[in-house]
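Report on the structure given below.
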Amino acid sequence: MLGNTSFDDTARGDGSKRRALILVENLSVPFDRRVWQECTTLRDAGWEVHVICPRGEKRDTEPEAVIDGVRIHRYPLRAATGGPAGYLKEYGTALWHTARLARKVGPVDVVHACNPPDLLFLPALWLKRRGARFVFDQHDLVPELYLSRFDRGEDLLYRAVCALERRTYRAADIVLATNESYRDVAIRRGGRRPDDVFVVRSAPAIERFQPVPPEPELKRGKPHLLCYLGVMGPQDGVDYALRALAKLRDEFGRTDWHAVFVGSGDAFDAMVELSRQLGLSEQVQFTGRIPDADLVRYLSTADVCLSPDPRNPLNDVSTMNKVLEYMAMGRPIVSFDLKEARVSADDAAVYASANDEAEFAKLITLLLDDPEKRARMGEIGQERISGPLSWRNSQASLLAAYAAACRDHAPVSAGNPVRTGRRPRR
């Protein structure tokens, strides 16, 4: 039993388990930590879990694997390059492989599609016609992502992604939102009933983020270490962080720090070049993606962690995984003042005015000079991660969502993939 949700109906009438199929296009599994936590939660609740996702480049490369009882089906996929045509090719390939592998998996009771993109409702609809319930797991608000990433305004492609989002909401039986802001969008913009939208917050795997003794040599001879962890895309604010560090040096006269940027993304090379242009190459280190053990070493040694996501239509209402991971490690955070950043971190972070790089640098200085405040902030973060933001609460919400999806819905027979039961009223 997980949480307080009863799942006596996970077994079929013939004693076999109910089956869930999770569709992912954006990342491989189990590299996608949120999806993997959902998989293991469902497995522990008695579900037979299948996943269809792309292969990774350096990990998750096998076309098929069974990991801890979860069966993963992977397909080759090249990330988009070259603008809209590149995305059309990427998404078309992903949909073709997803449909092919879904046929291989066979009938399922729940198809659980994770965006982006908002195109996975297409294979989900095919599975619905064969008896599945459709759970839409909204990882990102794609219209806001489009506005924030491409700076093209509300053009034809923007209207197209809005239309796809509406189709996805309409097709779904249940919606999973990562926070209350996303839930509000599903109800207000998506027209969903409040009872059909469940908040399943992402939360760090505590066993992955266990502090170890600090290693002063990681500071490269400086008194302090600053750390950034996360994706490096156009909307992630690494450029804001680098310009803030240049101001920390030039306007505040602080050279008593070394900074490490952990992670990768399609802006990685551009950020390395920007660091060079700003004269930061000697003080800023880019590691790319690194093993968990090395990540924990850096975070355990860091004095201050950076969350430089600028305010834009997406970031203001999104929960940043890096903020939660910093908190799990007991690290104080400097963030821009974003709505959901405050919901997550509360007093575990200090907040600069939106997109104000000079104030961001000033707050770094204030924390570097106040070790007692840093320690208090770290304790607050760990208490929040082990309490209101823990995965235990999200597990209960996820299982409640699946129970709602399957209410009044007889299990789909592997030998007779025909819709049974009645569709829940909207």
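The values are calculated or read from the model by the stated rules, or taken from the named source; none is laboratory data. Bear in mind that the values here come from a model prediction, so they are computed numbers and not experimental data. Note that each Cβ is placed from the backbone with ideal geometry, even for glycine, and that neighbours are counted across all protein chains shown. These accessible areas exclude ligands, DNA and RNA; they are computed on the full protein's heavy atoms, side chains included. Shrake-Rupley method; radii C 1.70, N 1.55, O 1.52, S 1.80 Å.
Residue count for the stretch 367-379 satisfying the condition of being surrounded by fewer than 18 Cβ atoms within 10 Å (Cβ to Cβ) and among the aliphatic types (A, V, I, L, M): 1.
Scanning the stretch 138-160 for residues that are closer than 21 Å to Thr319 by Cα and either basic (Lys, Arg) or surrounded by 16 or more Cβ atoms within 10 Å (Cβ to Cβ) (or both) yields a total of 12. Taken over the stretch 333-342, the criterion of being part of a helix (DSSP H, G or I) and more than 16 Å from the chain's Cα centre (by Cα) is satisfied by Lys339, Arg342.
Which residue, of Tyr402, Tyr351, Tyr326, is of a type in the set (Phe, Trp, Tyr), surrounded by fewer than 24 Cβ atoms within 10 Å (Cβ to Cβ) and not in a loop (DSSP other than H, G, I, E, B)?
Answer to the selection: Tyr351.
Only one entry in Arg254, Arg243, Arg249 is of a type in the set (Lys, Arg), surrounded by 15 or more Cβ atoms within 10 Å (Cβ to Cβ) and not in a helix (DSSP H, G or I), namely Arg254.
Conditions tested, residue by residue: (1) surrounded by fewer than 19 Cβ atoms within 10 Å (Cβ to Cβ); (2) out of contact with any Asp or Glu (no Cβ under 9 Å at 6 or more places or on another chain); (3) in a strand (DSSP E or B).
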| residue | (1), (2), (3) |
| --- | --- |
| Glu282 | yes, yes, no |
| Thr287 | yes, no, yes |
| Ile290 | yes, yes, no |
| Val296 | yes, yes, no |
| Thr319 | no, no, no |
| Arg331 | no, no, no |
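Exactly one residue out of Arg170, Arg208 is out of contact with any Pro (no Cβ under 8 Å at 6 or more places or on another chain) and open to solvent by 60 Å² or more (accessible area, probe 1.4 Å), and it is Arg170. When residues in the stretch 118-130 are screened for being of a type outside the set (Phe, Trp, Tyr) and crowded, with 21+ Cβ neighbours inside 10 Å, 6 of them pass. Considering the stretch 37-48, and only residues there that are free of Cβ contacts under 8 Å to residues at least 40 places away in the same chain and under 20 Å from the mean Cα position of the chain (by Cα), the residue that is surrounded by the most Cβ atoms within 10 Å (Cβ to Cβ) turns out to be Cys39.
Residues in the stretch 49-100 that are open to solvent by 20 Å² or more (accessible area, probe 1.4 Å) and of a type in the set (Ser, Thr, Tyr): Thr61, Thr81, Tyr87, Tyr91, Thr93.
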